[in-house]
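Here's the structure we're looking at; comments come further down.
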Amino acid sequence: MVQRGSLGGQATNMIPAAATAVVSGENLEKIAAAFPDFLAKKGLTGEIKETASENGNCLKISLEGVSAHASVPWEGKNGACLLASFLRDFPFTGRAKNFLDFAGDIELEDYYGEKIGIANTDSEMGKSINCPAVFRYQRGQAGATVISAGANYGRFFKRSATGLPSPAAWTPPTPSTNPSAWLNWKKAWPSTLKLFTN
């Protein structure tokens, strides 16, 4: 059985909360029946609308996750990954299946890049953080299929109980002992300051 359609979700430097998929083909009734249970289980909101398209009837499925800054992706719920994780339980094939498996399994909650193979720990900067933020899939358009993720280090984003950065967050790495970590800190500092003063 082949399911067809498109899925999208996007947020720059943020975990995308909203995601929408348009699906046509078989199993539309099963998908519509399973969606409310999925939302309830995950504590999410969303909706399904039946529409007509050139491929016949289709479903427009919308899901609302929880946005979070790219430095703390575990504080959010990535809507695109969650919607893909729901859809991958149905018999998609080909590129659609590959896209859903990657977005809905491999990228789902892979906060430190372990499943995608980029995990790293720096002595001064801490663990690397993986933030998949842009998702785009369109049937029949190979060049339009995109999953884009940002990777960064989170040491300078650590926060105290007050919500402000912990004292260590304000201390830059030493340029003479770790020049690359210092450059990363210097580049990130303006956005770090903005994040915690707004």
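The values are calculated or read from the model by the stated rules, or taken from the named source; none is laboratory data. Just so it is clear, the structure is predicted and the values come from calculations on it, not from any experiment. Note: ideal-geometry Cβ built from the backbone for every residue, glycine included; neighbour counts use all protein chains shown.
The numbered conditions (1) of a type in the set (G, A, S); (2) more than 19 Å from G25 (Cβ to Cβ); (3) touching a strand residue (DSSP E or B) at 6+ places or on another chain (Cβ under 8 Å); (4) surrounded by fewer than 20 Cβ atoms within 10 Å (Cβ to Cβ) are all true for G46 except (4). Annotation note: Cβ proximity below 8 Å between a residue of region 19-38 that is touching a residue at least 12 places away in the same chain (Cβ under 8 Å) and a residue that is surrounded by fewer than 15 Cβ atoms within 10 Å (Cβ to Cβ) and among the hydroxyl-bearing types (S, T, Y) (sequence gap 6+ or interchain) occurs for V22/T51; V22/S53; S24/S53. In region 49-83, the residue that is surrounded by the fewest Cβ atoms within 10 Å (Cβ to Cβ) out of those that are farther than 13 Å from A17 by Cα and under 13 Å from the mean Cα position of the chain (by Cα) is V72. In contact (Cβ under 8 Å) with a residue 12 or more places away in the chain, assigned by TED's automatic domain parsing to the domain that holds R136, touching a helix residue (DSSP H, G or I) at 6+ places or on another chain (Cβ under 7 Å) and buried (at least 21 other Cβ atoms within 10 Å of the Cβ) - does that describe any residue in region 108-119? The answer is no; no qualifying residue exists.
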